[in-house]
Amino acid sequence: MYDNVTEAKRCIACKVPFCEKGCPVSTPIKEIIQMYLNNKILEAGDILFKNNPLSIVCSIVCPHEKQCEGSCILNRKSRGVEFGKIENEISNCYIDNVDFAIHKLNDRKSRVAIIGGGPAGIAIAFILAFKGYDITIYESHSQIGGVLRYGIPEFRLPKVTIDKLEKKLMEIGVKIRPNILIGPTLTLDDIFNDGYGAIFIGTGTWNPRKLKIKGEALGNVHYAIDYLKSPEYYKLGEKIVIIGAGNVAIDAARTMIRNGAKEVLLLNREGETGITANRKEFNDAVAEGVQVMNFKTVLEIKDDGVVIANTELTEKDGVTDYSVDYDSERFYKCDSVVVAISQGPRSNIVSANKDLEINDRGLIVTNIDGSTTKKGVFSGGDVVTGAKTVVEAVKMSKIIAEKMDEYMRNEYK
């Protein structure tokens with residue numbers, strides 16, 4: 001049986017802790033482990049939370065093998081210290097036992113609007129609320145969490161974890177407006193007119209990217225990002241094809257297996273380099289029965305399957321080009337087809353605000369501090385960078401929160 005204390009004792013307290021250098025938010029891992037071993041759990045939890053308000057989430061979903069655990073010096077002889085599990089125990093204890101209401105101030109500073117209650121929005125809400133700002137989160141779904149709640153399956157990230165964060169936000173006075181899409185009705189200018197000093201946009205990437213092939217509008221075709229929101233309502237049949245090999249594709253595939261699918265096949269246009277999903281999650285998916293076919297391109301979707309052909313890759317002057325071997329064309333029979341080839345942002349906000357610059361992918365253009373081309377409006381997370389990890393969103397959010405605080409202190413002296 002796994003024992004966190006035994007695991008913590010494996011830490012050799014390096015003079016130069018490479019594990020901390022491997023963490024995007026520079027978590028003081030050596031210090032936290034020593035506090036944990038000295039039974040200073042709540043103190044350790046306080047440090048974790050103030051460094052990363054989503055520590056309770058990152059302890060579960062971070063690609064630890066690429067970051068803290070992968071950077072641990074013990075990997076040279078055995079395996080790195082599994083800090084994620086220790087962090088999760090500490091963070092849960094802290095969230096469960098500390099009343100955040102003690103940080104609620106009666107005399108609040110300027111109002112701040114946060115559009116999108118995903119990882120970036122939640123992190124900024126906590127940071128600015130602790131600084132004394134009056135925060136309102138505008139959420140297009142029925143509950144906050146964004147990709148944490150609607151994009152990561154329950155078996156990977158229990159929804160109760162996000163519920164705990166929501167409870168803590170409300171304890172410090174953060175207001176939440178669910179089921180509201182900013183742009184069509186309320187605009188950014190409406191928000192400013194009601195006395196908000198700054199606005200943060202962290203709406204993520206919820207628009208699935210299309211294949212742009214014949215048959216994509218048929219009734220047996222679905223988009224993985226939509227499926228993951230409420231998989232229990234989908235009737236996909238027993239034999240399913242997923243087009244794509246990223247994290248969303250893998251999460252969808254593993255969910256389908258758990259929901260009774262007999263055969264789930266991933267079609268990947270490239271080889272191993274095209275499998276962009278977290279390697280551990282990918283390996284777990286294969287162990288659970290998910291099949292993979294590399295170097296396959298879908299040419300057409302039909303009511304009872306897909307027309308596929310082999311993909312050929314050529315490289316010239318460092319540029320990889322894809323071509324299709326049409327002589328290899330064949331039909332693969334399946335009940336449903338699920339498209340998982342990335343997502344882009346919605347256009348509801350930028351359509352109503354032409355002074356908000358976007359790039360050719362529809363992502364909001366910002367400076368390195370998160371400021372946009374519209375005064376008082378900041379943005380971060382996937383709607384700026386495209387799909388990234390949760391901890392990367394937190395790293396960016398910490399910078400943006402400080403810039404927003406600086407902006408409001410200078411603007412409203």
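The values are calculated or read from the model by the stated rules, or taken from the named source; none is laboratory data. If you're wondering where the values come from, they're calculated on a predicted model, not measured in any experiment. Positions of Cβ are generated from backbone atoms using ideal geometry, with glycine treated the same way; all protein chains shown enter the neighbour counts. Just the protein is used for accessible areas: all its heavy atoms, side chains included, with ligands, DNA and RNA removed. Shrake-Rupley method; radii C 1.70, N 1.55, O 1.52, S 1.80 Å.
A compact table of results
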| read-out | value |
| --- | --- |
| Calculated Rg and Dmax of the stretch 16-76 using C-alpha coordinates, Å | 11.4, 32 |
| Contour minus Cα-Cα distance for Lys354 and Phe331 (0.36 nm per residue) | 3.7 nm |
| The chain - convex hull of the alpha-carbon atoms, volume per residue in Å³ | 173 |
| Extension gain from Glu43 to Lys104, taking 0.36 nm per residue of separation minus the Cα-Cα distance | 20.0 nm |
| Neighbour cut-off at most 14 other Cβ (10 Å), DSSP loop, trypsin sites (Lys or Arg not before Pro), the stretch 307-364 | Lys354, Arg361 |
| Dipole magnitude (debye, nearest 20) for the stretch 221-280, charges at Cβ of Lys, Arg, Asp, Glu | 140 |
| Choice from Ile199, Ile86, Ile162 showing the highest fluctuation, given a GNM over the chain with Cα pairs closer than 10 Å | Ile86 |
| Under Karplus coefficients 6.51, -1.76 and 1.60, residue-wise ³J(HN,Hα) of the stretch 47-56 in Hz, glycine/proline x | 5, 4, 5, 5, 7, 8, x, 9, 4, 5 |
| Over the chain: helical MRE at 222 nm, DSSP H runs n ≥ 4 each giving -39500 (n - 2.57), nearest 500 | -10000 deg cm²/dmol |
| Fraction of accessible area attributable to carbon and sulfur, the stretch 259-319 (%, probe 1.4 Å) | 46 |
| Size of charge dipole - the chain - debye, nearest 20, with Cβ of Lys, Arg +1 and Asp, Glu -1, no other charges | 700 |
| Dipole-positive endmost among Tyr227, Gly202, Ile191 within the stretch 143-249 (Cβ charges, Cα centre) | Tyr227 |
| The chain: relative contact order in percent, alpha carbon pairs under 8 Å with at least 6 residues between | 16 |
| Degrees between helix 247-258 axis and first principal axis of the chain (Cα, 0 to 90, nearest 10) | 70 |
| In sequence order, calculated HN-Hα J values of the stretch 385-402 (Karplus, 6.51, -1.76, 1.60; Hz; x Gly/Pro) | 9, x, 4, 10, 6, 4, 5, 5, 5, 5, 4, 5, 5, 5, 5, 5, 4, 5 |
| Calculated FRET value between Ser26 and Lys77, using beta carbons and R₀ = 22 Å, to 0.05 | 0.30 |
| Cα centroid separation, the stretch 132-211 to the stretch 340-413 (Å) | 14 |
| Charge dipole magnitude, Cβ of K and R +1, D and E -1 - the stretch 117-268, Cα centre, debye nearest 20 | 560 |
| Per-residue SASA entry for Thr6, accessible area with 1.4 Å probe, Å² rounded to 10 | 80 |
| Largest-first ordering by accessible area, 1.4 Å probe, given options Tyr223, Tyr36 | Tyr223, Tyr36 |
| Fully extended contour minus Cα-Cα distance, from Val365 to Met293, at 0.36 nm per residue | 22.3 nm |
| Per-residue SASA entry for Ile399, accessible area with 1.4 Å probe, Å² rounded to 10 | 90 |
| At R0 = 45 Å, FRET efficiency that the Cβ-Cβ distance of Tyr233 and Lys15 yields, to 0.05 | 0.25 |
| List Val241, Val98, ordered by accessible area with a 1.4 Å probe, largest first | Val98, Val241 |
| Average Cα contact separation per residue, the stretch 31-104, under 8 Å, 6 or more apart, as relative contact order % | 36 |
| HN-Hα J in Hz across the stretch 146-161 - Karplus 6.51, -1.76, 1.60, θ = phi - 60°, x for Gly and Pro | x, 4, 5, 8, 10, x, 10, x, 4, 5, 8, 9, x, 4, 4, 5 |
| Gaussian network model of the chain, springs between alpha carbon atoms under 10 Å - residue of Pro63, Pro345, Pro184 with greatest fluctuation | Pro184 |
| Projected label distance in nm at Asn207 and Asn193, using a 7 Å step from Cα toward the beta-carbon | 2.6 |
| Selection from Val298, Asn38, Ser78 lying farthest towards where the dipole of the chain points positive, charges on Cβ | Asn38 |
| Asp226 accessible area, assembled protein chains, probe 1.4 Å, Å² | 50 |
| Calculated FRET efficiency for the pair Asn410/Ser323, C-beta based, R₀ 51 Å, to 0.05 | 0.40 |
